[in-house]
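The values are calculated or read from the model by the stated rules, or taken from the named source; none is laboratory data. Computed from a predicted structure; not experimentally measured. Glycine gets a Cβ as well: all are built from the backbone with ideal geometry, and neighbour counts include every protein chain shown. Accessible surface is based on the protein model in full, side chains and every heavy atom, while ligands, DNA and RNA are left aside. Shrake-Rupley method; radii C 1.70, N 1.55, O 1.52, S 1.80 Å.
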Amino acid sequence: MQSQVGGRGYIYLASVALVFSLVFGTASAQESSDTGALAQADPRELEVIIVTAQRREQAITDVPVSIAAFTEEMLIDAGVTSTEELVVLTPSITLNKHISPLQNTIRIRGVGTGVSVPTIESSVSMVVDGVVIDNQGVFFTDLIDIERIEVLRGPQSTLFGKNAAAGVLNIVTKAPSLEGIEGGIDASYNEYNDLKVRATLSGPIADNLAYRLTGIYVDEGDGVLKNVNPTGPKLDDLNTQGLRGKLLWMPEGDLEIMATLDYRNSEGPNNVRTPTQFESLAVQDLYGVGPVSFSNRRVNIDGGPLGRNDFESAEWGTSVEINLPFADGHTFTSITAYREWSLDAFLDIDGIGQQVTPAGFDDFVIVPGVGPVEPGRLALTGSSQVWNYLDTNQLSQEFRIASPTDQVFRYLAGLFYWQTDKDYDVNRVIRLCPLNTNVFPPPNFSDGDPGALTGACTVPPPNGVSIGGRNVYNVETTYFAAFGQIDWDFAEQWSLSAGLRIQQEDFDYRLTGLSALRGVDA
């Protein structure tokens, strides 16, 4: 059976923000944020961090937004080397890993969006060097050569767009150095064979031209989970390589042109769900645990031809940012960016190997070595795998004009264009095979066990049934917005902020679904 669903939607939305802010001085403003708490730790020194939470450079004490900001020194002191570890510095942000990178989720103040298909977008926006990142799957990344990180809590839709309803994670990497050659390298290794190497080199090419190169290599070694199925895949050796290059050109005056190119590749095992309760005595013996084990770190991933639980992803992007000062302190900014991300993943989504589900009983019975069995269950064993492939690209263009920050009346206005194109192919296969009920419990849950399965679950199955379901998504989004904000310091300790965003979105999608049931002589 095959079906198609298509649609086109237009969304018009205007948002208005009106904010009163009362500032009692630097100390009290700092104490109200996570950054202030860290800065207050040393009473002899108070560091004022410059942030871009309102699309312009400001001292954090002058920003009427709930914000936590962290410099590179703060990240190093706290031992934070990836976005997942930011919770060490600010518990208001949560990054949850799922079994596939596509389903990774970021939340701020507990608010976020679980993404499983490309038609759903995140409600937390991630911005890297001024470029909005479309996919949550790439939110989980190593932090290297960072100038600062800003966590903006609560709705930020006026200045950051439709994907910032819950907040913004704003990451700013270091710029090239025109002053002289600088750089460094650090490496770490532990007893689990985890290896991480990071290196940076920056310096001038000419009086007005400078470069910065940053690279990373990560091998996570042995991992912390073990597959008890001897014929199944291993759950270690996650490898990541990445490279980022920046070129800064200041041709004349205060004009700045920054070009950035980055690439990152990751491959290794997907995440898995670890069971904590075991009703079957046979499964308890297999895992070497009791009926309940919340500390269990063992899983049972299928072996055989379809015994896979791995992924490979590749991400690259380029951007050009132009900052042109004019007219007594005003600044014109243009950011042009293009990015691509591809993901190829094979998932064992049940995570428990072959499941034994005997049937033919009118009441609950105790099967030796298996335990209580519900009536009406199929006399089959089965396993469930998912293969998915995602290819996505995005093109964005932003223009902004900002007035000087040292005036009583300030304004910022901009235009934003964003286009995304996503192709997502997901194929789920559930294999069911007849059970040899003369052998209880099966001595092994893996494929090809002649003592447990009649004919075994081979591919293609000579004995049994395969149920397949496949969905193919094609999603195109075109988004345009005009936005602005004004700030007025109408009294010594009072300021008034008002913002407006008008946006239009054209959302076009096509969904093709295919389901099939195949069986031979069960």
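What to note about this one:
- In terms of distances greater than 32 angstrom between alpha carbons, the cross-link table entries LYS196/LYS226; LYS226/LYS422; LYS97/LYS196; LYS162/LYS226; LYS97/LYS422; LYS196/LYS246 yield LYS226/LYS422; LYS162/LYS226.
- Rolling a 1.4 Å probe over the heavy atoms of the protein chains gives the stretch 72-214 an accessible area of 40 Å² per residue.
- Charge tally in the Cβ shell below 14 Å around ASP285, where Lys, Arg are +1 and Asp, Glu are -1, ASP285 excluded: 0
- Counting only protein heavy atoms and a 1.4 Å probe, the stretch 221-273 has 53 square angstrom of accessible area per residue.
- With all protein chains modelled, accessible area of PHE480 [1.4 Å, Å²]: 100
- Highest mean first, the peptides 327-334, 211-218 sorted by other C-beta atoms within 10 Å per residue fall in the order 211-218, 327-334.
- Among residues other than LEU261 with Cβ under 10 Å from its Cβ, the summed charge is +1 (Lys and Arg +1, Asp and Glu -1).
- The residues neighbouring PHE409, those whose beta-carbon lies less than 10 Å from its own, together hold a net charge of -1 under the Lys/Arg +1, Asp/Glu -1 convention.
- Accessible area of VAL429 (1.4 Å probe, protein heavy atoms only, ligands and nucleic acids ignored): about 40 Å².
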